[in-house]
């Protein structure tokens, strides 16, 4: 399979009164056609900022993509002007945002928000767009589609709103769908239904998915490939089965260890010691060193690079300094 999306040395920084926050710092990843790639990590690791950078939604002057390349279907999105980005965004690349209640416009009906991308990108007239929008509402599993078409976001439940977000995202049959925490704050049953929907649309159209989540259960269920981020950097990546069975980075091991295990009684759920470092206080080092049980002197003074290790996995850790450096 060819790479649909390839990110190279992406750096997205934010200027604050206290200094520069390196939210995404030299990140690289790739998504192949028809593949689901999951980005995992704690809050503040740079997952959502990576997605916003891809979509061209980093707002200046405080925020800026400082350097790097975002290759999509052979073209560097960072070289696009605003009009060129608008033609791609919502059409070839779509995004499901983290909070559907705040992402949908409260003063517009569901129907008005559904027909907008159809008119803009598919050049449909209003009558045809309305017909297609009602079909989309039904496709995401919501009954009474015509009534929902005229409803407002405050009249729908969280699960229904998330389905509407999916309907808007898939309306133009994008090549890449970015889903930022699509199951957050939903109960387990609704979560399963949302994931089933994403799998269905992926299978129907050979769509690629970049899924951002902190839920390792979702990762195990959805991912083909996993990218683990910490403090704005990629610390490990690999095929999902290999990464779950043989995690290499101490941070990845900690994340997997903190996940509850069915039928295994635990007096206390494991938690990685310490906290994510303040992004304004990061210095040349492995950013995980003060939380790592394997910390060595070099970890405190030099930054490890992403290296090839066993079974095609890549890891940024000084424990693997003998591995071949990935270029």
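The values are calculated or read from the model by the stated rules, or taken from the named source; none is laboratory data. Keep in mind it's a predicted model, so treat the numbers as computed, not measured. A quick note on method: Cβ atoms are made from the backbone with ideal geometry, for glycine too, and the neighbour counts reach across all protein chains shown.
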**Message:** Return the residues of the stretch 128-147 that are touching a residue at least 24 places away in the same chain (Cβ under 8 Å) and either surrounded by fewer than 18 Cβ atoms within 10 Å (Cβ to Cβ) or in contact with a strand residue (DSSP E or B) (Cβ under 6 Å, 6 or more places away or on another chain) (or both); say none if nothing qualifies.
**Reply:** 132, 141
**Asked** Exactly one of (1) touching a helix residue (DSSP H, G or I) at 6+ places or on another chain (Cβ under 7 Å); (2) part of a helix (DSSP H, G or I) is unmet by residue 189. Its number?
**Response** (1)
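Within the stretch 66-80, track down each residue that is under 18 Å from residue 31 (Cβ atoms), part of a strand (DSSP E or B) and in contact (Cβ under 8 Å) with a residue 40 or more places away in the chain.
Here is the first cut: in the stretch 66-80, the ones under 18 Å from residue 31 (Cβ atoms) are 68-78.
Checking which are part of a strand (DSSP E or B) leaves us with 68-72, 75-76.
Within the stretch 66-80, 68, 69, 70, 71, 72 meet the criteria.
State yes or no: is residue 215 more than 23 Å from residue 110 (Cβ to Cβ) and at pLDDT 95 or above?
On the way: more than 23 Å from residue 110 (Cβ to Cβ): yes; at pLDDT 95 or above: no.
So residue 215 fails the test.
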**Prompt:** For the stretch 86-115, how many residues meet the condition of being in contact (Cβ under 8 Å) with a residue 24 or more places away in the chain, buried (at least 17 other Cβ atoms within 10 Å of the Cβ) and assigned to a helix (DSSP H, G or I)?
**Reply:** 6
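Out of 157, 153, I need the residue that is over 17 Å from residue 201 (Cβ atoms) and surrounded by fewer than 20 Cβ atoms within 10 Å (Cβ to Cβ). Which one?
157
Touching a strand residue (DSSP E or B) at 6+ places or on another chain (Cβ under 9 Å), assigned to a helix (DSSP H, G or I) and either within 24 Å of residue 183 (Cβ to Cβ) or without any contact (Cβ under 8 Å) to a residue 40 or more places away in the chain (or both) - does that describe any residue in the stretch 221-228?
So the first thing to find is which residues in the stretch 221-228 are touching a strand residue (DSSP E or B) at 6+ places or on another chain (Cβ under 9 Å), and the list is 222-228.
With assigned to a helix (DSSP H, G or I) added as a condition, the list becomes 222.
Okay, now just the ones that are also either within 24 Å of residue 183 (Cβ to Cβ) or without any contact (Cβ under 8 Å) to a residue 40 or more places away in the chain (or both), so 222.
Within the stretch 221-228 (the criterion being touching a strand residue (DSSP E or B) at 6+ places or on another chain (Cβ under 9 Å), assigned to a helix (DSSP H, G or I) and either within 24 Å of residue 183 (Cβ to Cβ) or without any contact (Cβ under 8 Å) to a residue 40 or more places away in the chain (or both)), the answer is yes, since at least one residue qualifies.
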**Prompt:** If residue 59 passes every condition in (1) assigned to a helix (DSSP H, G or I); (2) under 19 Å from the mean Cα position of the chain (by Cα); (3) farther than 26 Å from residue 200 by Cα but one, which one does it miss?
**Reply:** (1)
**Asked** Residues 247, 273: which one is surrounded by fewer than 22 Cβ atoms within 10 Å (Cβ to Cβ), under 15 Å from residue 309 (Cα atoms) and at pLDDT below 95?
**Response** 247
